[in-house]
Structures are given as structure tokens and as C-alpha cells.
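The values are calculated or read from the model by the stated rules, or taken from the named source; none is laboratory data. The structure displayed is predicted, hence computed values, not measured ones. So basically every Cβ, Gly included, is an ideal-geometry build from the backbone, and we count neighbours across all protein chains shown.
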Amino acid sequence: MTRRRLVATISIVGALVLASSACGSSSKQSSSSVATTAHATLGTPPPITADPAENIVTLRTSEGTIVIRLDFDNAPKAAGNFATLVKKGFYDGLTFNRAAKDFVIQGGDPKGDGSGGPGYSVPGETPKYGYKLGSVAMAKTSVDPPGTSGSQFFIVTGRGGTELPPDSAIVGQVTRGLEVAKKIESYAPTDPPYDGKPTKKVTIAKVTLSAPNA
């Protein structure tokens, strides 16, 4: 199975299934990426508290800012789940745990090694026309049903990501800062398959929601 057939994250029961080029689950993270109260396992899906009028996500990282427009029109469940986690502060202080050359970057894991999540999964909406550069979607394992969403997400940064089958729940689109995402991708491992834990630690300092032009 190639990486284009799987963007790996946790399943409902927490078992991790990795593509041949996905990052391993044995990497250790520093204490700064250990789950805090905001990152605690929730166990059950929280009530969706997202306001579709607040569809702009500003993701401030140690490498720069990425702005995402959530697609509430076509993906209300997946976008709503993502926005609810943002409002809870779930992503603040986490890292990008995966960078894959000409493919994707992946984050949103409180464990920091690709095996963590919020302790639940919800169904989301898959895209009708696949993914393009800057697409933001929820990562899942090969055994999860299409559209399964937890907390791990990926941003398409290269041609390989645009060739993924449309099995992962779509969340939105990067509107500013794609060059930042590609910079993070440049920290992909330097040995084949060029996919795994970034060679430089990239922290998600703060994630906020706002209305357009707010």
C-alpha cells in the first residue's frame, strides 16, 4: 500500500495503521508536546459549538501563519468538529508530527507521534472532486470508514496529495500561508521514503477562529 492510499492517524479504538512510508509511532516528543488539559482525551464527541459565520482559522506556527477557510457549506460535520476543537484550544501547543515530500504535512496529535487523538471519531464529508494544493482534510487509517474524523488533519502540499483517493473528510482550504506549509514540508526526512517526523520541530503555537474580515 502506498502513501497515496493512506494518510495515517488513529482509529476509533486507538490502533494505528501506517502506510509503508508513514511516520512510525515510536518517536519520542519533548515534554512541551505532552497532552495538557486542553488536549485531554474527550472520550465522546463534544457538542458542535461552531458558528458557520466564523469560518476563518488562523493557525500560528513556529514557522509562520497559515490561514484556512472552513467549508461549512459542503462539509458541516467535519468543519464543525474541527472548529469545535479549535474553540476548545485542543490544537494549541501541539506539533506537526509528519512531513512528507511532495505530499502532505500532518498535525493535531496530542501524543506527537501519529498515534493520538481526541478519544473519539465522528463521520465527516468526503470531497466530490478530490484534493488540490492547500486542501485541508482529516487524517484516518485504512480501516476507518471514508470520512472518519478525529483531531489529526493534513494539508496537501504537493502533487502526491492531489492524487489521494477522496476518502478523507474535507475541512477547508488554505487561503494564505501555503508557502509556510510547504516550508514545513521541506523538513521531511532526507532519506527514502522522505516521509515521517519532521527534521525540525514545528509547533502549533495558537489556533483561532474568526469571521471573514474580522
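Just to be sure before I move on: is K182 surrounded by fewer than 22 Cβ atoms within 10 Å (Cβ to Cβ), of a type outside the set (V, I, T) and in contact with a Phe, Trp or Tyr (Cβ under 6 Å, 6 or more places away or on another chain) in the structure I sent? Lay out the reasoning, then the answer.
On the way: surrounded by fewer than 22 Cβ atoms within 10 Å (Cβ to Cβ): yes; of a type outside the set (V, I, T): yes; in contact with a Phe, Trp or Tyr (Cβ under 6 Å, 6 or more places away or on another chain): no.
No.
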Consider segment 143-176. How many of its residues are part of a loop (DSSP other than H, G, I, E, B), touching a Gly at 6+ places or on another chain (Cβ under 6 Å) and either among the acidic types (D, E) or surrounded by fewer than 23 Cβ atoms within 10 Å (Cβ to Cβ) (or both)? 1
Cβ-Cβ below 8 Å, separation at least six or inter-chain, first residue in segment 190-212 and on the phi > 0 side of the Ramachandran plot, second of a type in the set (A, V, I, L, M, F, W, C) and surrounded by 19 or more Cβ atoms within 10 Å (Cβ to Cβ): which pairs? Y194/A100; Y194/A188; G196/A22; G196/C23; G196/A99; G196/A100; G196/A188
Just one listed residue, out of K140, K128, is under 14 Å from the mean Cα position of the chain (by Cα) and either modelled with pLDDT under 95 or part of a loop (DSSP other than H, G, I, E, B) (or both), and it is K140
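Which one is farthest from the chain's Cα centre (by Cα), of the residues in segment 177-198 that are among the charged types (D, E, K, R) and assigned to a loop (DSSP other than H, G, I, E, B)?
Start the filter on segment 177-198 by keeping residues that are among the charged types (D, E, K, R), which leaves 179, 182-183, 185, 191, 195, 197.
Restricting the remaining residues to those that are assigned to a loop (DSSP other than H, G, I, E, B) gives 191, 197.
On the way: D191: 23, K197: 14 Å.
Among those residues, the one meeting the criterion is D191.
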Which listed residue is within 18 Å of K206 (Cβ to Cβ) and among the basic types (K, R), from K88, K132, K77, K111: K88
Taking G119, is it under 13 Å from the mean Cα position of the chain (by Cα) and at positive phi? no
Inspect all residues belonging to segment 190-211 and state whether any of them is surrounded by fewer than 18 Cβ atoms within 10 Å (Cβ to Cβ), in contact with an Asp or Glu (Cβ under 8 Å, 6 or more places away or on another chain) and of a type in the set (A, V, I, L, M). yes
Considering each residue of segment 84-116, count those that are of a type in the set (V, I, T) and either without any contact (Cβ under 8 Å) to a residue 60 or more places away in the chain or under 11 Å from K197 (Cβ atoms) (or both), and give that number. 2
Among the residues of segment 180-202, what is the count of those that are out of contact with any strand residue (DSSP E or B) (no Cβ under 8 Å at 6 or more places or on another chain) and acidic (D, E)? 1
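Quick test for you: out of G119, G124, pick the one residue that is crowded, with 24+ Cβ neighbours inside 10 Å, more than 16 Å from D195 (Cβ to Cβ) and in contact with a Gly (Cβ under 9 Å, 6 or more places away or on another chain). Show your work before the answer.
Working: G119 fails: crowded, with 24+ Cβ neighbours inside 10 Å.
Testing whether each residue is crowded, with 24+ Cβ neighbours inside 10 Å, more than 16 Å from D195 (Cβ to Cβ) and in contact with a Gly (Cβ under 9 Å, 6 or more places away or on another chain) leaves just G124.
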